[in-house]
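Novice: This is the structure I want to talk about, given as structure tokens.
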Amino acid sequence: MTKFERVSPPENGTPITIENDRLKVPDDPIIPFIRGDGIGIDIWPATKRVLDAAVEKAYQGRRRISWMKIYAGDEAVEKYGEGQYLPEDTLNAIKEFIVAIKGPLTTPVGGGHRSLNVTLRQVLNLYACVRPVRWFKGVPSPAVHPERMDIIIFRENTEDVYAGIEWQQGSEEANRMIEFINKELGKNIRLDSGIGIKPISITGTKQLARKAIKYAIAEGRGSVTFMHKGNIMKYTEGAFKDWGYQLAVDEFRDQIITEAELWDETRAEDGVTPITKPGAFAHLRGGRPAGDPGDRIIVKDRIADSMFQQIQTRANEYDVVCTPNLNGDYISDAAAAQVGGLGMAPGANIGDFIGLFEATHGTAPKYAGQDKVNPGSLMLSGVMMLNYIEWREAGRMIEKAIERTIEAKTVTYDLHRQMEGATKVSCSGYAEEIVKNMA
Ligand code: NAP
């Protein structure tokens, strides 16, 4: 086992391991957690309370999580010293124990500091940013039919214009690039331009698409949509789509059907968009109607800008969405806004095996320590984590309890200010209500 400098794993826990390409989860897994800066001090204890209670209740004491405290952000500086925002111990613990959860972290300001979140993703090769977006009954929403949204976004995490390859206008590098591209490659970039590079690789695309399709299969989802801007950026976003289809057909032939094949096979009239939820045709008898994929997952693609319209007008036609980094950034927040905002949106960064589950909002420093904010985002990230280790009964129990609590209009300040006749509770009070509502 790895040697840690200033933290130690709990004695009464067992590490998660990988066997035959799958996680092997003991009944007492060691799971490292980073409390987080700012409101992390409020939302982490509330989340831990709910996760522990659900596991206890779902498995009657047969299972429990052995938490291991690790450090990042301000807490890490206190423990490890000046500038130590992300100690080696922390990275080693996540690598060793495979599944971890974190609160929000302040991005240190000042020269030389990269975002801790970006560093974590890159160092641990967490190439998929996974964001489920669904509506909880009772949450105020600007949409007419927020209940139609139930998607899960797989956003590529390491490439695209986020790769950080860019040069300032007027810099020697930018000028050299412009000269090279104009002279050697016959293009005509304005001489006073800044330059950014958008790499999208076969490797990056296929590892993401594989994860998205495997997820759709494991979770019984109906479709995977490649969202891209390939009509304009043919060799990056267009290639992303092509490589995605190729992987789907090469590796999942028996479990998927492409939309084009489906139209062909079922002679659906051009323009009929197959309904994508599993069981959508269960009520029909006597033959397969146009657009019925049977028990296969439909693989399709959509141009990014049209998807922004369609998640508003026809959200129920989307299920798993697989997309490059920048599109993923935009669509995640746009979709979350439709179901009531980022306050409740969970997320995870996942690699081949390592899963780091996190709140998607920031540290909201003005509320830190006031026991006030909504812990929903971190709690639902905890639900994703429980599903990831296949402790689904506990995950479902939390989701149901959150639903009941919101339906009873017992909510934190952020939802309270948008709901009529609601009762406002503190962050910890909300956690207690959720625990009470666990059936
Ligand atoms: P923020 O911390 O997300 O807060 C912005 C506003 O969102 C808050 O003032 C509050 O709105 C609302 N909010 C956020 N979390 C909430 C919660 N749990 N419950 C209820 N309302 C919540 O964004 P920011 O102020 O732009 O960023 C602050 C710091 O967080 C920065 O250092 C940033 O780099 C960092 N950050 C970290 C992560 C991460 O670790 N994943 C992500 C984003 C930002 P009202 O004021 O309207 O009540």
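The values are calculated or read from the model by the stated rules, or taken from the named source; none is laboratory data. Because the structure is a prediction, the values reported are computed rather than measured. Using ideal geometry, Cβ is built from the backbone for each residue, glycine included, and neighbour counts are taken over all protein chains shown. With ligands, DNA and RNA removed, areas are computed over all heavy atoms of the protein, side chains included. Shrake-Rupley method; radii C 1.70, N 1.55, O 1.52, S 1.80 Å.
Novice: Take Ile217 and tell me if it is open to solvent by 30 Å² or more (accessible area, probe 1.4 Å) and more than 23 Å from Asp21 (Cβ to Cβ). Break it down into steps so the answer makes sense when it comes.
Specialist: Details: open to solvent by 30 Å² or more (accessible area, probe 1.4 Å): yes; more than 23 Å from Asp21 (Cβ to Cβ): no.
No.
Every residue, every condition in (1) touching a helix residue (DSSP H, G or I) at 6+ places or on another chain (Cβ under 7 Å); (2) within 15 Å of the ligand (Cβ to nearest atom); (3) open to solvent by 30 Å² or more (accessible area, probe 1.4 Å); (4) charged (D, E, K, R), yes or no:
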| residue | (1), (2), (3), (4) |
| --- | --- |
| Leu356 | yes, yes, no, no |
| Asn374 | yes, yes, no, no |
| Val383 | yes, no, no, no |
| Tyr388 | no, no, yes, no |
| Trp391 | yes, no, no, no |
| Ile398 | yes, no, no, no |
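Novice: Report every pair of residues separated by at least 6 positions or lying on different chains whose Cβ atoms are under 6 Å apart, first residue within the stretch 155-171 and over 17 Å from Asp329 (Cβ atoms), second among the small types (Gly, Ala, Ser).
Specialist: Here the result reads Trp167/Ala174; Gln168/Gly194; Gln169/Gly194, each pair linking the stretch 155-171 to a residue that is among the small types (Gly, Ala, Ser).
Novice: Which residue pairs have Cβ atoms under 8 Å apart, sit 6 or more places apart or on different chains, and have a first residue in the stretch 32-50 that is closer than 14 Å to Ser381 by Cβ and a second that is part of a strand (DSSP E or B) and within 11 Å of the ligand (Cβ to nearest atom)?
Specialist: Filtered contacts from the stretch 32-50: Phe33/Lys102; Ile34/Lys102; Gly36/Lys102; Gly36/Ala359; Gly40/Ile34; Ile43/Ala359.
Novice: Just checking, does the stretch 330-353 include any residue being open to solvent by 30 Å² or more (accessible area, probe 1.4 Å), more than 16 Å from the ligand (Cβ to nearest atom) and over 24 Å from Gln418 (Cβ atoms)?
Specialist: Among the residues of the stretch 330-353, at least one is open to solvent by 30 Å² or more (accessible area, probe 1.4 Å), more than 16 Å from the ligand (Cβ to nearest atom) and over 24 Å from Gln418 (Cβ atoms), which makes the answer yes.
Novice: If you don't mind, another one. Looking at this structure, is Leu415 within 16 Å of the ligand (Cβ to nearest atom), modelled with pLDDT under 95 and under 15 Å from Phe136 (Cβ atoms)?
Specialist: On the way: within 16 Å of the ligand (Cβ to nearest atom): yes; modelled with pLDDT under 95: yes; under 15 Å from Phe136 (Cβ atoms): yes.
So Leu415 passes the test.
Novice: While we're looking at this one, here's another question. If the requirement is being in contact (Cβ under 8 Å) with a residue 24 or more places away in the chain and closer than 26 Å to Cys322 by Cα, which of these qualifies: Ile195, Ile152? I'd like the intermediate steps shown before the answer.
Specialist: Details: Ile195 fails: closer than 26 Å to Cys322 by Cα.
Only one candidate qualifies: Ile152.
Novice: Go through (1) at pLDDT below 95; (2) within 16 Å of the ligand (Cβ to nearest atom); (3) in a loop (DSSP other than H, G, I, E, B); (4) surrounded by 15 or more Cβ atoms within 10 Å (Cβ to Cβ) and name the single condition Leu126 misses.
Specialist: Evaluating Leu126 over (1) at pLDDT below 95; (2) within 16 Å of the ligand (Cβ to nearest atom); (3) in a loop (DSSP other than H, G, I, E, B); (4) surrounded by 15 or more Cβ atoms within 10 Å (Cβ to Cβ) leaves (1) as the failure.
Novice: Residues that are modelled with pLDDT under 95, of a type in the set (Gly, Ala, Ser) and in contact with a Leu (Cβ under 9 Å, 6 or more places away or on another chain): does the stretch 345-354 have at least one?
Specialist: Within the stretch 345-354 (the criterion being modelled with pLDDT under 95, of a type in the set (Gly, Ala, Ser) and in contact with a Leu (Cβ under 9 Å, 6 or more places away or on another chain)), the answer is yes, since at least one residue qualifies.
Novice: Here's another thing I want to ask about it. If Ala422 satisfies every condition in (1) more than 26 Å from the chain's Cα centre (by Cα); (2) under 20 Å from Lys366 (Cβ atoms) but one, which is the exception?
Specialist: Result: Ala422 fails condition (2) only.
Novice: I'd like the residue in the stretch 1-59 that is of a type in the set (Asp, Glu) and open to solvent by 40 Å² or more (accessible area, probe 1.4 Å) and, out of all such residues, is nearest to Tyr71 (Cα to Cα). Quick ask: steps written out before the conclusion?
Specialist: Applying the first criterion (of a type in the set (Asp, Glu)) to the stretch 1-59 yields 5, 11, 19, 21, 27-28, 37, 42, 52, 56.
If we keep only those that are open to solvent by 40 Å² or more (accessible area, probe 1.4 Å) too, we end up with 5, 11, 19, 21, 27-28, 52, 56.
On the way: Glu5: 12, Glu11: 19, Glu19: 28, Asp21: 29, Asp27: 25, Asp28: 22, Asp52: 21, Glu56: 26 Å.
Applying the filter and picking the extreme gives Glu5.
Novice: Scan (1) under 30 Å from Asp414 (Cα atoms); (2) more than 16 Å from the ligand (Cβ to nearest atom); (3) open to solvent by 30 Å² or more (accessible area, probe 1.4 Å) for the single condition Thr107 breaks and write down its number.
Specialist: Status for Thr107: all satisfied but (2).
Novice: Can you tell me how many residues within the stretch 16-57 are away from the ligand (no atom under 16 Å from the Cβ), in a loop (DSSP other than H, G, I, E, B), under 24 Å from the mean Cα position of the chain (by Cα) and at pLDDT 95 or above?
Specialist: 2
Novice: A further question follows. With respect to Arg131, determine if the residue is in a strand (DSSP E or B), within 16 Å of the ligand (Cβ to nearest atom), open to solvent by 10 Å² or more (accessible area, probe 1.4 Å) and of a type outside the set (Gly, Ala, Ser). Talk me through it step by step, then tell me what you get.
Specialist: Details: in a strand (DSSP E or B): yes; within 16 Å of the ligand (Cβ to nearest atom): yes; open to solvent by 10 Å² or more (accessible area, probe 1.4 Å): yes; of a type outside the set (Gly, Ala, Ser): yes.
Judged against the criteria, Arg131 is a match.
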